[in-house]
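The values are calculated or read from the model by the stated rules, or taken from the named source; none is laboratory data. In this text, all values refer to a predicted model and were calculated from it rather than measured experimentally. FYI the Cβ positions are ideal-geometry reconstructions off the backbone, even for glycines, and counts take in every protein chain you see.
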Amino acid sequence: MSLFVWLLPGVLVLGIVVRKIGLPRLKKTGWKRIIDQSEKLRARGDFIKSDGVLEKGLDKYPQCPELYVHYYLWHSNAGDLAKKFRVLERGYRQTSDPALAFFMGVSYLEEGDFIKARAFLQTAASRRYMIEKRIPLLVQLYYEEGDFKKAEKAYIDFYREIYEDISEPRDMLALQSPQDLILYVLIQKALKKPWWDTMGLAPVTGVHADMGWQDYLFKLREEMNNLKPAVTGIYGWPERFNERRREFYRRRIDLIETYINGSEQKLAG
């Protein structure tokens, strides 16, 4: 599964997405039983059988978006992005579901196809989905495109929709975990704006008290060390995807290390 988009399949968003998304509430319907059976097989290590159960389920319930999402997130060969993408694309054609549109956008963004990513992520349905799941993927897209001013505005606008009773940007930023805040800091740094004090805003709430910058740095290093290169990208060759995913981690790790080392030097001085 990708972490490079958050956030992000191997997700640029990188690690980022699956934990926040989850599946919609499931009822004990036929397709739900298929997912249950697939999960039981996967828990026993029968990955190929688990994939086969889902593939049969997709043939039986072609209009069920949850099956496509589950296949995309949990297919045993996580590095075969082309195969997973083809199934995802088929599901979107069948259902036009906003969750599948979101993951189509994720896939194109991870691959570096910004034009197609934008076509999926800028739709009203995708925007509502990202707000609901609290994943500012359009911000990541604008940042990747190099439109840093647009990314900065999109970040603030995104969280204003979430925190409707808070108008001051700094107050909203102070509610972010390091995982969420770091994208804004990267944007500030790219704009050559002061970013050090923004790093100091996290964490300040009880919700995030167990995840400071040192904790997040450890998490990022561990995820990067455990990365398995994709064997195919959605267009075939995986090199661009793999390099973009590594760069996603490197930017964040370098920034946090700079901040932590600088803070320690200030304390020592």
Within the stretch 38-76, the residues that are small (Gly, Ala, Ser) and surrounded by fewer than 18 Cβ atoms within 10 Å (Cβ to Cβ) are 43, 45, 52, 76
Determine, yes or no, whether residue 26 is at pLDDT below 50, closer than 21 Å to residue 82 by Cα and either surrounded by fewer than 13 Cβ atoms within 10 Å (Cβ to Cβ) or not small (Gly, Ala, Ser) (or both). no
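Is it the case that the stretch 77-92 has a residue that's among the β-branched types (Val, Ile, Thr), surrounded by fewer than 22 Cβ atoms within 10 Å (Cβ to Cβ) and part of a helix (DSSP H, G or I)?
Of the stretch 77-92, the ones among the β-branched types (Val, Ile, Thr) are 87.
After this cut, where a residue has to be surrounded by fewer than 22 Cβ atoms within 10 Å (Cβ to Cβ) as well, the list is 87.
This time we only want the ones that are part of a helix (DSSP H, G or I), so: 87.
Checked the stretch 77-92: at least one residue is among the β-branched types (Val, Ile, Thr), surrounded by fewer than 22 Cβ atoms within 10 Å (Cβ to Cβ) and part of a helix (DSSP H, G or I).
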Out of curiosity, is residue 113 surrounded by 15 or more Cβ atoms within 10 Å (Cβ to Cβ) and modelled with pLDDT of 95 or more? yes
Go through (1) among the small types (Gly, Ala, Ser); (2) in a helix (DSSP H, G or I); (3) surrounded by fewer than 19 Cβ atoms within 10 Å (Cβ to Cβ) for residue 151 and report which single condition fails. (3)
